[in-house]
Amino acid sequence: MNVTARLADGVASIPADQWDACAGRDNPFLSHAFLAALEESGSVGRRTGWQPIPVIVDGADGVPVAVAPAYAKSHSQGEFVFDHAWADAWQRAGGAYYPKLQIAAPFTPVPGPRLLLRDPAAAPALIAALEAVTDQHNLSSAHATFVAPDQVPAFEAAGWLIREGTQFHWRNEGFGSFDDFLATLASRKRKAIRKERAGAVEGLTIRHLTGAEIGRREWDAFWIFYQDTGSRKWGTPYLTRAFFPLLAERMGDRVLLILAEREGVPIAGALNLIGGNALYGRYWGCTEDVPFLHFELCYYQAIDAAIARGLATVEAGAQGEHKLARGYAPVPTWSAHYLPDPGFRRAVADFLVRERAAVEADQEFLERMTPFKKG
């Protein structure tokens, strides 16, 4: 294949139609609109430690046949695949772990393709380009996080180390209603969920809003929710206030904002993005502490929305074994890691063998703890 690889100065510098021809439309977090909005709002950039340097493979005609959302990272925040121990070990050995190359949708623990391919035959060339960027710039490593399962073999064939993790996803088995879903659960679990839902929404109005239905008032309310949760969980919220109007302007039809209101005043909200066959829960917050309202807005209302739209899955973010009792089952997630130094690679490879055994044992245990009817 006659191709040329290059670095671009941000996704926003690439024509949207060229990027999206590679990214497709199924995963909104890989779209030109989403990634460019992160850049233009200042949510990513050199100042934030997420310097966008997308890697492009051009065909013979000079048009991209493959792209990767790549970032030069000066820290390991906002990734949700934790390599702090690797960084510490490498730096204690006298190396400089940062900057590193991160191939990801920033702040977004959503599995999806990390090799965005208009021509599938360009996958090896794109992986080789990622390795060349790492080598030529003397970076310690490259990391593709939350890789779609069907792309893991391509990274593995190139010699990248594969790491396994766990998330909790809800699967739509052709349900016509929430009650149809509940019918698949053990009786005690059904009763517990019905009790949670009734208590959570007492005295509240729940609204599902998308597109032009989300106005300045709703975004202002959600910004307060987002800041509150972000400041408690990770110190400083990742997204800037300017990001949200850009999101609404450029892909509002793919945004689902679920609000809880008391006497017309929003007190809590959950922000979701709508994919080709999945609903992605992203951010939540509140100004009033209501028992079980988090579960109602983020998990149960998301299930309602997915059923109404005929979507196959709800992916409600990273971690959270509390999702298990609410019908979200454990699924493996994958990341791929390129470590040029042979000694460092051997040490990490040994760690990953032991870690995977523990992760898979935990998944087997969690699967036995799902609330579904047994037998």
Within segment 317-345, work out how many residues are part of a helix (DSSP H, G or I) and over 13 Å from residue 299 (Cα atoms).
4
Counting only residues that are surrounded by 15 or more Cβ atoms within 10 Å (Cβ to Cβ) and either among the β-branched types (Val, Ile, Thr) or over 22 Å from the mean Cα position of the chain (by Cα) (or both), segment 353-375 contains a total of 3
Among all residue pairs at least 6 apart or on different chains, which show Cβ distances below 9 Å where the first residue, located in segment 186-205, is within 14 Å of residue 293 (Cβ to Cβ) and the second is part of a helix (DSSP H, G or I) and open to solvent by 50 Å² or more (accessible area, probe 1.4 Å)?
200/294
Can you pull out every residue in segment 168-193 that is in a strand (DSSP E or B) and open to solvent by 20 Å² or more (accessible area, probe 1.4 Å)?
171
Selected residue (only one of 359, 353, 348 is without any contact (Cβ under 8 Å) to a residue 12 or more places away in the chain, in a helix (DSSP H, G or I) and hydrophobic (A, V, I, L, M, F, W, C))
353
In segment 298-317, which residues are touching a residue at least 60 places away in the same chain (Cβ under 8 Å), open to solvent by less than 30 Å² (accessible area, probe 1.4 Å) and under 25 Å from residue 191 (Cβ atoms)?
299, 300, 301, 302, 303, 305, 306, 307, 314, 316
Every residue in segment 131-172 that is among the hydrophobic types (A, V, I, L, M, F, W, C) and farther than 21 Å from residue 82 by Cα, please.
132, 133, 154, 157, 158, 170
Looking at (1) open to solvent by less than 60 Å² (accessible area, probe 1.4 Å); (2) over 30 Å from residue 267 (Cα atoms), find the lone condition where residue 222 falls short.
(2)
Taking the condition in contact with a helix residue (DSSP H, G or I) (Cβ under 7 Å, 6 or more places away or on another chain) and either in a helix (DSSP H, G or I) or open to solvent by less than 40 Å² (accessible area, probe 1.4 Å) (or both), does residue 114 pass?
yes
What pairs can you find where one residue is in segment 99-111 and closer than 22 Å to residue 330 by Cβ and assigned to a loop (DSSP other than H, G, I, E, B), the other is of a type in the set (A, V, I, L, M) and open to solvent by 10 Å² or more (accessible area, probe 1.4 Å), and their Cβ atoms are less than 7 Å apart, with a gap of 6+ or different chains?
109/318; 111/148
I need a count of the residues in segment 148-177 that are more than 20 Å from the chain's Cα centre (by Cα) and within 20 Å of residue 319 (Cα to Cα).
0
Total residues in segment 318-338, condition open to solvent by less than 10 Å² (accessible area, probe 1.4 Å) and out of contact with any His (no Cβ under 8 Å at 6 or more places or on another chain)
2
Among the residues of segment 337-375 satisfying the criterion of being modelled with pLDDT of 95 or more and of a type in the set (Gly, Ala, Ser), which is farthest from residue 132 (Cα to Cα)?
361
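With in a strand (DSSP E or B), open to solvent by 20 Å² or more (accessible area, probe 1.4 Å) and either within 25 Å of residue 123 (Cα to Cα) or in contact (Cβ under 8 Å) with a residue 24 or more places away in the chain (or both) as the only criterion, which of 72, 12, 96 stands out?
72
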Pick from 48, 4: which is of a type in the set (Val, Ile, Thr), open to solvent by 10 Å² or more (accessible area, probe 1.4 Å) and over 22 Å from residue 247 (Cα atoms)?
4
Kindly indicate whether any position in segment 122-134 is in a loop (DSSP other than H, G, I, E, B), open to solvent by 10 Å² or more (accessible area, probe 1.4 Å) and in contact with a Phe, Trp or Tyr (Cβ under 8 Å, 6 or more places away or on another chain).
no
For segment 284-297, enumerate the residues that are touching a residue at least 40 places away in the same chain (Cβ under 8 Å) and surrounded by fewer than 21 Cβ atoms within 10 Å (Cβ to Cβ).
286, 287, 290, 291, 292, 295
Return yes or no: is residue 165 outside any helix (DSSP H, G or I), modelled with pLDDT of 95 or more, open to solvent by 50 Å² or more (accessible area, probe 1.4 Å) and not acidic (Asp, Glu)?
no
Pair list, Cβ under 8 Å, 6 or more apart: segment 228-239 residue at pLDDT below 70, other residue open to solvent by 60 Å² or more (accessible area, probe 1.4 Å):
230/236; 234/77
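The values are calculated or read from the model by the stated rules, or taken from the named source; none is laboratory data. In this text, all values refer to a predicted model and were calculated from it rather than measured experimentally. Neighbour counts run over all protein chains shown; Cβ positions are idealised from the backbone, glycine included. Keep in mind that these areas ignore ligands, DNA and RNA; they rest on the heavy atoms of the full protein, side chains included. Shrake-Rupley method; radii C 1.70, N 1.55, O 1.52, S 1.80 Å.
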